[in-house]
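Just so it is clear, none of the values below were taken in a lab; they were calculated from the coordinates. Given the structure is predicted, the values throughout are model-derived calculations rather than measurements. Neighbour counts run over all protein chains shown; Cβ positions are idealised from the backbone, glycine included.
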There are 2 protein chains.
Amino acid sequence: MADILPVSPLAPEGGFPDLPAIPGVRFAATAAGIKYKGRTDVMLVELAPGTTIAGTFTSSKTRGAPVLDCQGKIGMPSDAGAAFVVNSGNANAFTGVAGVNAVKAVAKAAADATGIPEARVFTSSTGVIGEPLPHDRITATLAALVDGLDKHGIADAARAIMTTDTFPKGAGRTVEVDGNRICVAGIAKGSGMIAPDMATMLAYIFTDARISQDKLQSLVAAACDETFNRITVDSDTSTSDTLLVAATGASGVGMDGSSAFAAALAEVMDDLARQIVCDGEGASKFVTVSVTGAATDSDARQVAFAIANSPLVKTAIAGEDPNWGRVVMAVGKSGAEADRDRLSIRFGDVLVAKDGSVAPGYLEAEAARHMSGENVSVSVDLGLGVGTATVYTCDLTSRYIAINADYRS
Amino acid sequence: MADILPVSPLAPEGGFPDLPAIPGVRFAATAAGIKYKGRTDVMLVELAPGTTIAGTFTSSKTRGAPVLDCQGKIGMPSDAGAAFVVNSGNANAFTGVAGVNAVKAVAKAAADATGIPEARVFTSSTGVIGEPLPHDRITATLAALVDGLDKHGIADAARAIMTTDTFPKGAGRTVEVDGNRICVAGIAKGSGMIAPDMATMLAYIFTDARISQDKLQSLVAAACDETFNRITVDSDTSTSDTLLVAATGASGVGMDGSSAFAAALAEVMDDLARQIVCDGEGASKFVTVSVTGAATDSDARQVAFAIANSPLVKTAIAGEDPNWGRVVMAVGKSGAEADRDRLSIRFGDVLVAKDGSVAPGYLEAEAARHMSGENVSVSVDLGLGVGTATVYTCDLTSRYIAINADYRS
């Protein structure tokens, strides 16, 4: 499906970014024929000895076998190298014992082909749920993948993990600390079944920083909460979603205490998270929902997600209709503390409602002008306290229906 | 909008039912020109002295002025008659002090026109949120409405309260208790912004039973939890929704202890709730989601709503695709206790998944045959306990988007 969908109108201009090669990281991609025809669907990443790996995973109670396997392996100390093997087209989720065995088969074959211990091979699968993974098609490609490993292969890797994505997603930053240059580069996939509660997508981020596993894990968890856990396309949470961050240490520069490194990592995560929203299935507008004045940050987040997940708000935005009544509705249903008569709402800079009714002098034409752009912002002040939250989403169009009513056929 | 939408394919065959006249209840409807052209938009119901009234209301924190007014009046003892005044086209919600004054103006004018105390005039408004209600257009029609009161006017009343509904909704039952015949008849509106947490719609039910307010309220609350609170179209909860049940006592037959009456009332509520789902915006299929084997009833309900509200499940149903992987996903994201390896899933009678993977001998063609019908059932057994829940919803089609991206224009 991915290869016949037109590219999202919200895709970054200029295409896939020019990312720096990360010392200690090599990529390969191939077409294993798992489901798609005429495109790549497996990526292999090889990581140098000494790499530390952190990760966060879906909170789904029905998470797939690869996720459970990664969770078991994360945090186990090792000086060995590591590998990521990721396929698209099949999620290997809800596949019972066969699913567990498929993960083992892929990890073992990758270990054999790369010389990396099986306990350091992390696999992910994304695509259709509930169908057995034809893992032999993956293992059959591993020797050739190893032969093809290339430190400049990140763009090809990003393409191989796409499902209904319409463009490959990559982001990078470099940071200078005490005269040393550290690079961070990441890729991600995701366009449907995207909702918070960790990383409802796949993302892999690489850096040559030297950093302890504990420290990396805590940086990743904190940044995840402000990036991947702040996006929603359709409120549906995947069974498979995975973020892995690998620090090769090849720069030799320790980054455990660097706020500049933490910021660069968070920026890459934020960039990838926004790109996932920009590729939201059927999306025609990027929507920023900001909530201020809530009793607590948690209330603010609850209100922001109620707005961002409301089909009526999302369809109004698709229709370029400044229908702020639906925003009021979403605030009301969120369950968070709210006082109708203290509420104010803006579309862009246009104050549409204030103190429980339409704002004096409000002109719908001005709000409609804002709605007609590609970037729409909905800001709600609850007038109660200092809690704030920002969430990113996209509009809900008939293309979402077309894509999802016909995904498997 | 309502008058140009084609009638839902799920509308009851035979049109609006032939409902019994309820002694003590008279109806009138008129076109006040609140928003719609060329159709009725106000209904008046007159209830005889001695009528007891029960009600349940939206749980929204941003509920409209008419809802707050009704909530204040419900349960106040009175032997006087009562009146319901309901308009469509404007919800009089998030309209500040003007909204409160509009309710008072309509209630006072109705009291003057009918001779019923203002404290016994219940008003509802449904339609666009956030625009001032032109209440003078309603009050201007009241004298004519009173003149037109007719005990056979229930069908016209049902039409006057429609918004994006494509058919008027009515249901009735008669019950014989100790040789006495008691009638129950109700009407409802609703097709979008429909989600549980009470009655996200308007519904008015009438009976000639004699019953105390306390008892009626407890019957209504209990039945509501099993009927109107078990439906969802789009997970969006309205600011305005209201169920009022009026027992005129005109039969002279006391029903406080009658389980037959309680059952008839619940049946009417269930019938109306299902009709609202059948008129779900853009609906092409009626979907029954049944969950069994949950740890608790509350968990079962949480899983059932996670499935019924999932855009990915609903679009798969629209596409007649037995994509049970999305059902697994919805179970996983629900937050309820679940064990992937005990889960089984059926579409209709077809067992598609069992014990955490595809069922032995499962043929997708059989499940697809079930999906191609107008009535689709999704049954999930969690294999954990004895908790059960059933929820009704509809599929999500591109017509939902078309209706809602363009509602105000």
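Dipole magnitude for segment A:1-138: about 320 debye, using +1 per Lys or Arg Cβ and -1 per Asp or Glu Cβ, origin at the Cα centre. Taking the C-alpha atoms only, the angle from helix B:96-114 to the longest principal axis of chain B is near 60 degrees. DSSP finds beta bridges in the protein assembly as shown, and of those with both partners inside it, around 70 percent are antiparallel.
The other copies place their A:ASP214 label points at 6.4 nm from this one, listed shortest first, where each point is 7 Å from Cα along Cα→Cβ.
Once the Cα-Cα distance is subtracted from the 0.36 nm per residue extended length, the A:ASP339 to A:ASP297 segment shows a gain of 13.5 nm.
The shape of segment B:2-278 comes out rounded: with a ≥ b ≥ c from the C-alpha gyration tensor, a/c is under 1.5.
Here the extension length gained between B:VAL100 and B:ASP349 equals 84.5 nm, from 0.36 nm per residue of separation less the Cα-Cα distance. In this Cβ point-charge picture (+1 for Lys and Arg, -1 for Asp and Glu), the protein assembly as shown has a dipole of about 160 debye about its Cα centre. Which longest run of chain B has no exposed loop site in it, a site being GluC sites (Glu not before Pro) in a DSSP loop with at most 13 other beta carbons within 10 Å, and the site itself not part of the run? Longest stretch, sites excluded: B:14-373.
Using Cβ point charges alone (K and R +1, D and E -1), the dipole size of segment B:286-404 about the Cα centre works out to roughly 260 debye. Think of chain B as having a plus end and a minus end, set by charges on the Cβ of Lys, Arg, Asp and Glu; of B:ILE401, B:CYS183, B:ALA221, B:ILE401 sits farthest toward the positive end of this dipole. Candidates A:VAL97, A:VAL268, A:VAL128 compared by Cα position along the dipole of chain A: farthest toward the positive end lies A:VAL97, with charges placed on Cβ.
For segment B:132-138, backbone phi angles converted through the Karplus equation (6.51, -1.76, 1.60; θ = phi - 60°) give residue-by-residue couplings of x, 6, x, 5, 5, 5, 6 Hz, Gly and Pro being listed as x. Could you tell me how many degrees, from 0 to 90 and to the nearest 10, lie between the Cα long axis of helix B:324-333 and the main elongation axis, the longest principal axis, of the Cα atoms of chain B? Helix B:324-333 sits roughly 70 degrees off the main axis of chain B. Segment A:LEU68..A:TYR362, full-extension length gain: 100.6 nm, with 0.36 nm per residue of separation and the alpha-carbon distance subtracted.
The residues A:HIS135, B:HIS370, when put in order of fewest to most other Cβ atoms within 10 Å, stand as B:HIS370, A:HIS135. The distance between label points at B:GLU176 and A:ASP18 comes to 8.9 nm (points 7 Å beyond Cα on the Cα→Cβ vector). Each residue in B:ASP395, B:ASP18 was given a count of other beta-carbon atoms within 10 angstrom of its own, and listing them fewest first yields B:ASP18, B:ASP395.
Packing-based ranking of B:343-350, A:354-361 yields B:343-350, A:354-361, ordered from highest to lowest mean Cβ neighbour count within 10 Å.
For chain A, take the longest principal axis of its alpha carbons; what is the angle in degrees between that and the long axis of helix A:213-226, to the nearest 10 within 0 to 90? Approximately 30 degrees, to the nearest 10.
Fewest-first ordering of B:TYR204, B:TYR36 by other beta carbons within 10 Å of each residue's beta carbon gives B:TYR36, B:TYR204. Rounded to the nearest 5, the antiparallel percentage of DSSP beta bridges internal to segment B:33-140 is 45%.
Counting only other chain Cβ atoms within 10 Å of each residue's Cβ, the peptide B:317-327 averages 6.
Beyond a 18 Å Cα-Cα separation, which of these cross-linked pairs lie in this structure: A:LYS314/B:LYS314; A:LYS285/A:LYS333; A:LYS61/B:LYS314? In this structure, A:LYS285/A:LYS333; A:LYS61/B:LYS314 lie more than 18 Å apart at Cα. A Förster distance of 41 Å, applied to the separation of the beta-carbon atoms of B:ALA140 and A:ARG369, puts the FRET efficiency at 0.70. Distances between copies of A:ALA365, taken at a point 7 Å out from Cα along the Cα→Cβ vector and listed shortest first: 6.2 nm. Starting from the label point of B:ASN180 at 7 Å along Cα→Cβ, the same points in the other copies fall at 9.0 nm, in ascending order.
Here chain A carries DSSP beta bridges of which approximately 70% are antiparallel, counting only pairs with both residues inside. Based on the alpha-carbon gyration tensor of segment A:286-404 and its eigenvalue square roots a ≥ b ≥ c, which shape applies: rounded if a/c is under 1.5, prolate if not and a/b is larger than b/c, or oblate? It is oblate, given that a/c is not under 1.5 and a/b is not larger than b/c. Ordering A:VAL328, B:GLY14, B:THR174 by Cα displacement along the dipole of the protein assembly as shown toward the positive end leaves B:GLY14 in first place; charges were set at the Cβ atoms of Lys, Arg (+1) and Asp, Glu (-1). In this calculation the C-beta distance from B:GLU118 to A:ARG39 is compared with R0 = 56 Å, giving a FRET efficiency of 0.20. One residue of chain B places its C-beta nearer than any other to the axis carrying B onto A; that residue and its whole-Å distance are B:SER398, 2.
Under the combined filter of DSSP loop state and at most 15 neighbouring Cβ atoms within 10 Å, segment A:256-312 retains none of its trypsin sites (Lys or Arg not before Pro).
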